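So the structure is just underneath, and the comments pick up after that.
The values are calculated or read from the model by the stated rules, or taken from the named source; none is laboratory data. What you are looking at is a predicted structure, and each value in this text was computed from that prediction instead of being measured. Methodologically, a virtual Cβ is constructed for each residue, glycine included, from the backbone with ideal geometry; neighbour enumeration extends over all protein chains shown. Side chains included, ligands, DNA and RNA excluded: accessible areas come from the protein's heavy atoms. Shrake-Rupley method; radii C 1.70, N 1.55, O 1.52, S 1.80 Å.
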Amino acid sequence: MKPCLREKKQFGFEDIPENTAFDAGYLVSVNSGWRSIKPVLNTEKCIGCMQCYLYCPDGVISIENKKAVIDYDFCKGCGICNKICKLRAIEMEAER
Ligand code: SF4
Ligand code: SF4
């Protein structure tokens, strides 16, 4: 869980860091290529609401210029971001 959520204090979006609370890759190396599907962002639909950022279990989504950015080096392709995005801005596509 992200530290800002673990502390049960009231907070606004401005209190949430724009990037992952803990850098992906700090303890592990780049994924080994086992991902079979990957999330692909439609920047036209994304409004930067941060839901995918908050729910991604690996903390590999950041918000830059009010758009989601996915770090494919560490994304495992679980599809949670696809499920949580109400605007359907993330589609899952086969890995090539
Ligand atoms: S949940 Fe969807 S609209 Fe919100 S930031 Fe993520 S991709 Fe963009
Ligand atoms: S597919 Fe899973 S690991 Fe990859 S960005 Fe989406 S929620 Fe995170």
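Here are some notes:
- Looking only at region 47-58, and only at residues there that are near ligand 2 (Cβ under 8 Å from one of its atoms) and part of a loop (DSSP other than H, G, I, E, B), the one that is modelled with the highest pLDDT: CYS56
- Index of the failed condition, CYS56 passing every other in (1) away from ligand 1 (no atom under 12 Å from the Cβ); (2) surrounded by 18 or more Cβ atoms within 10 Å (Cβ to Cβ); (3) not β-branched (Val, Ile, Thr): (1)
- Only residues that are within 12 Å of PRO39 (Cβ to Cβ) and open to solvent by 20 Å² or more (accessible area, probe 1.4 Å) were counted across region 59-69, and they come to 1.
- Looking across region 65-79, the residues that are over 24 Å from GLU14 (Cα atoms), out of contact with any Lys or Arg (no Cβ under 7 Å at 6 or more places or on another chain) and touching a residue at least 24 places away in the same chain (Cβ under 8 Å) come down to ASP73, PHE74, GLY79.
- Members of region 79-96 that are within 11 Å of the chain's Cα centre (by Cα) and more than 10 Å from ligand 1 (Cβ to nearest atom): GLY79, ILE80
- Any hit, region 71-86, residues being more than 13 Å from ligand 2 (Cβ to nearest atom), surrounded by 12 or more Cβ atoms within 10 Å (Cβ to Cβ) and modelled with pLDDT of 95 or more: no
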